[in-house]
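Below: one structure, written as structure tokens.
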Amino acid sequence: VSAYAAVMAVLTTVAATLMVLVPLSDVFDTLFHPHGRGTVSQGLIRGIWRMMHRLARGNHALLSLAGPIAFIAVIAVWGGLVVVGFALILWPHFPEGFTTAESIGGGGDLADALYLSLVNLTSLGYGDIVPTAALLRFLGPLETLLGLGLLTASISWILLLYRVLSDHRSLSQEISLLSEAEDATGIGLTDVQPEVAARILADLTSKAVAVHDDLVHSPIAYYFHPRDPRHALPLLLPKLIDVIDVCSQPDRAPALRFQAGVLRRALDDLLETVAQDFLGAAPGDAAGTLEGYRRDHMWSPRSPT
């Protein structure tokens, strides 16, 4: 029996160690890897998006909760895996490897191990359960360091998302203002001086490149659905493509046609990323990607912008 228990303790420790390494690897892939593709986080985010998609049924206020819920869920899963992993490492050593306060009894069940792991992660240090074995005494500080690392990573992710979502809002807002100005004044972009129009397109190009990079490095941004159609890129990008087509006509000034071509290529890169990474579609069909993008975010073609 003792040999069996020893083998099970080793197997449990190995499995628990892998459980701890999974969220650490996921944090690295999500926040520090150039393409931001954490396996656990991406699977969880997409699962929550599909669930909210079914629940929303066109309710944009409800669908807009998908991104924040996914963000909180990923952090909770990271922390939960670390807590459970360390608890499973500690559990086989209860109660012999610990001294416990008289008020809580001898202890030794999984609940005690989970409690101690959670206390270690949050660096509370109540001291009612204290390890006595030499190796076990190092696990508490190690888990506390990981807990502080998870807290720092979560805050860093929040700050990153704030900038990323600002980039999306900036691009959508500028497209909306351009479209509204043309409708209100009856003056198109091609009616102003070519140098001025080219500068406007250049600014839009910079914003489109920023949004593309954001989706590559922080893909969770795709799932932050705006409630206001004036900030909905799936509805606004076709308007921008129409402007590009007008500015690209052969009779336009060379500076305007050149900058329109640059912007079109930036949008092609953006739509290719949306098609491959979020819609599971083949790249190259801009119209099909825009339609899929619009449907995935539940926008009607007749939505006001």
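Residue 260 meets each of the listed conditions (1) within 18 Å of residue 179 (Cα to Cα); (2) open to solvent by 10 Å² or more (accessible area, probe 1.4 Å) apart from (2).
Per-residue answers, yes or no, for (1) within 27 Å of residue 5 (Cα to Cα); (2) of a type in the set (Phe, Trp, Tyr); (3) open to solvent by 40 Å² or more (accessible area, probe 1.4 Å):
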| residue | (1), (2), (3) |
| --- | --- |
| 86 | yes, yes, no |
| 90 | yes, no, no |
| 94 | yes, yes, no |
| 123 | no, no, yes |
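Of all residues in the stretch 98-120, none are open to solvent by 40 Å² or more (accessible area, probe 1.4 Å), touching a Leu at 6+ places or on another chain (Cβ under 7 Å) and either over 30 Å from residue 249 (Cα atoms) or not basic (Lys, Arg) (or both).
Among the residues of the stretch 134-145, those that are open to solvent by less than 40 Å² (accessible area, probe 1.4 Å) and either of a type in the set (A, V, I, L, M, F, W, C) or without any contact (Cβ under 8 Å) to a residue 12 or more places away in the chain (or both) comprise 136, 139.
Condition check: open to solvent by less than 70 Å² (accessible area, probe 1.4 Å) and either among the small types (Gly, Ala, Ser) or more than 18 Å from residue 232 (Cβ to Cβ) (or both). Does residue 282 satisfy that? No, not satisfied.
Evaluate the following for residue 175: is it surrounded by 15 or more Cβ atoms within 10 Å (Cβ to Cβ), farther than 30 Å from residue 99 by Cβ and within 32 Å of the chain's Cα centre (by Cα)? When the stated conditions are applied, residue 175 passes them.
Filtering the stretch 60-79 to residues that are surrounded by 14 or more Cβ atoms within 10 Å (Cβ to Cβ) and under 30 Å from residue 148 (Cβ atoms) leaves 65, 66, 67, 69, 70, 71, 73, 74, 75, 77, 78, 79.
Could you list all residues from the stretch 114-133 that are touching a strand residue (DSSP E or B) at 6+ places or on another chain (Cβ under 8 Å), touching a residue at least 24 places away in the same chain (Cβ under 8 Å) and among the hydroxyl-bearing types (Ser, Thr, Tyr)? Residue satisfying the conditions is 132 alone.
Scan the stretch 149-172 for residues that are open to solvent by 90 Å² or more (accessible area, probe 1.4 Å), more than 24 Å from residue 212 (Cα to Cα) and either touching a residue at least 24 places away in the same chain (Cβ under 8 Å) or of a type in the set (D, E, K, R) (or both) and the total you get is 0. Count of the stretch 30-59 residues, restricted to those that are open to solvent by 40 Å² or more (accessible area, probe 1.4 Å) and either in a helix (DSSP H, G or I) or at pLDDT 90 or above (or both), is 11. Meeting the requirement of 1 or more residues that are small (Gly, Ala, Ser), the helices (runs of 4 or more DSSP H) wholly within the stretch 209-305 are 254-274, 286-296.
The values are calculated or read from the model by the stated rules, or taken from the named source; none is laboratory data. Just so it is clear, the structure is predicted and the values come from calculations on it, not from any experiment. Cβ sites come from the backbone with ideal geometry, for glycine too, and all protein chains shown count toward neighbours. Protein only, heavy atoms only, side chains kept; ligands, DNA and RNA dropped before computing areas. Shrake-Rupley method; radii C 1.70, N 1.55, O 1.52, S 1.80 Å.
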